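Working notes, structure below.
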Amino acid sequence: MYTLDLNTQDFLTHYWQKKPLVIRQAFPNFEDIITSNELAGLACESEISSRVVVTTKNDWEIHQGPFEDYTQFGDKNWQLLVQALNHWYPDATPFIDAFRFIPDWRFDDLMVSFATKGGGVGAHIDNYDVFIVQGEGKRQWTVGNKGNYAKKNNSITTPLIEGFDPIIDVVLEKGDMLYIPPGFPHQGQTLTTAMSYSIGFRAPSQQELFSEIADNLIDNNTGLTRFTSHDEPALAGIISQTHQQGMVDLLQDVLQDPNHYQALLGKVLSQNRFELDICEPEEAYTHQDLLDALTQGASLHRIGGLKVLRVENDISPRLFINGEQIDCSKIEKDNLDSVMSTLTQTLQFDNETSKTLIKTPNISPILLTLLNKGYYYLAL
Ligand code: SIN
Ligand code: CO
């Protein structure tokens, strides 16, 4: 159980997406979620995205995983970073749960880092919100104000910047947390061998959304209305202000139709940037298999990182899971809201709740779809 000691309403009003914040003892009595050995072991797996950053005199060297052996890096000035640990390590689920005061669609991943003394990724700016929770060890963090900063060594490709004046300069200890909104430069330096946990949140850009909208219109062969006009400009070589506005209005008509945006948002926002540990059963489960498993005490769990979403005021009863649409129209009207909210809110159903859920008329085909696609599994 990880309890976040934070007034989340106050945080959302005053800090979220606005300004950085240090929260001392955000997790009182914090215990590391994973050991450094287990983390190093997971970074041996090719499906898991990992990297080692080595701090050199005036630069950083990046080694992409998987890693068999860490002796080449010595005993200081390096850091191992493993992305989307929550996809591969179910024990991380209660920790992720503590951050669900922010909607699931925004959640990107849990990145876990093991850093030796002197290790760090260098000063940089992220375009996402991040909470950094300190586990074992001590790290010093500096955060600067938003602004335009010179690229490290004048390189166009580097994600690093030259430096910044700190508005925050703190040493984080076990259980402390730092929140950094997008655009604020920051840098972590490792004082003693340390584990840290970065909980990242992303949001789509106009570019991403427009590209999805265009793909969606093409796939469904919709959005075919053409521009029409009531008047033409006197000069042949001009695109008049009225014509410009008319075309923008045409675009807006598309965006105003829930048929065009609800399914699209559900699909886009329920997808993950990192691979999921999808565990399709060798043989498809039947309704009887499911009942038997629940009688034997099994419980239904979502695989780590899976997003199960619904769109408020949706034009049809459906869930969006990993970019797919799951039809819920067979669920009786009176049960629909509670079933949808149970499925979207609950990460792990205990045996009792699973047994209650399966009693809902017409829920079984949905649960079987989720199990047989490997999105949920039966845990004993
Ligand atoms: C780190 O742990 O040093 C990297 C995390 C970050 O800066 O976002
Ligand atoms: Co960062």
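Please treat every number below as a calculation from the coordinates, not as lab data. Since we're looking at a predicted model, the values are computed, not measured. Here the Cβ positions follow ideal geometry from the backbone for every residue, glycine too, while neighbour counts run over all protein chains shown.
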> If you put +1 on each Lys and Arg Cβ and -1 on each Asp and Glu Cβ, how big is the dipole of segment 287-379 around its Cα centre, in Debye rounded to 20?
Replying inline: 140
> Which residue, chosen from S316, P361, N351, occupies the Cα position most advanced towards the positive end of the dipole of segment 287-379, where the dipole is computed from +1 (Lys, Arg) and -1 (Asp, Glu) charges on Cβ about the Cα centre?
Replying inline: S316
> Do the alpha carbons of any pairs in K18/K151; K117/K174; K19/K138 sit beyond 21 Å of each other, and which pairs?
Replying inline: K18/K151; K19/K138
>> Just to confirm my numbers, what's the Cα centroid distance between segment 232-268 and segment 1-19 in Å?
In response: 39
>> What's the magnitude of the charge dipole for the chain around its Cα centre, counting Lys and Arg as +1 and Asp and Glu as -1 at the beta-carbon? Answer in Debye, nearest 20.
In response: 920
>> About the Cα centre, and with charges only on the beta carbon of Lys, Arg (+1) and Asp, Glu (-1), how big is the dipole of segment 206-256? Nearest 20 debye, please.
In response: 160
> Residue farthest toward the positive end of the dipole of the chain, with Cβ of Lys/Arg at +1 and Asp/Glu at -1: which of L370, I213, F114?
Replying inline: F114
> Among F99, L81, A123, whose Cα lies farthest out toward the positive end of the dipole of segment 68-153, if unit charges sit on the beta carbon of Lys, Arg (+1) and Asp, Glu (-1)?
Replying inline: A123
>> Taking 8 Å as the Cα distance limit and 6 or more residues as the minimum spacing, I'd like the relative contact order of the chain as a percentage.
In response: 16
> Amide H to amide H under 5 Å from K138: which residues, 5+ apart in sequence or cross-chain, H placed 1.01 Å off N in plane?
Replying inline: L191, T192
> Tell me, in nm to one decimal, what length is gained between H243 and T157 on full extension, where the rule is 0.36 nm per residue of separation less the Cα-Cα distance?
Replying inline: 26.9 nm
>> Looking at the calculated P(r) for segment 8-201, what percent of the C-alpha pair distances fall above 20 Å?
In response: 54
> When only C-alpha pairs under 8 Å and at least 6 residues apart count, what is the relative contact order of segment 1-124, in percent?
Replying inline: 27
>> Helix-only mean residue ellipticity at 222 nm, the chain, DSSP H runs n ≥ 4 weighted -39,500 (n - 2.57), per residue, nearest 500. What is it?
In response: -8000 deg cm²/dmol
> Can you list the HN-Hα couplings for segment 6-14, worked out from phi with the Karplus curve (6.51, -1.76, 1.60; θ = phi - 60°), rounded to whole Hz and with x for Gly and Pro?
Replying inline: 8, 7, 5, 5, 5, 4, 5, 6, 9
> Tell me, what ³J(HN,Hα) does each residue in segment 349-361 have, in order and in whole Hz, if you take phi through Karplus 6.51 cos²θ - 1.76 cosθ + 1.60 with θ = phi - 60° and put x for Gly and Pro?
Replying inline: 8, 6, 4, 4, 5, 4, 5, 5, 4, 5, 6, 5, x
> Among the GluC sites (Glu not before Pro) within segment 224-317, which fall in a DSSP loop and have no more than 13 other Cβ atoms within 10 Å of their own Cβ?
Replying inline: E282, E283, E312
> Fewest to most neighbouring Cβ within 10 Å: what's the order for V112, V254, V171, V52?
Replying inline: V171, V254, V52, V112
> Quick one: I33, I125, fewest Cβ neighbours within 10 Å first, how do they rank?
Replying inline: I125, I33
> Quick one: Cα centre-to-centre distance for segment 98-133 and segment 283-354, in angstrom?
Replying inline: 29
>> Test of understanding: ordering R139, R310 by Cβ neighbours within 10 Å, fewest first, what list do you get?
In response: R310, R139
> Taking the Cα-to-Cβ direction at A379 and at T346 and moving 7 Å from each Cα, how far apart do the two end points lie in nm?
Replying inline: 1.3
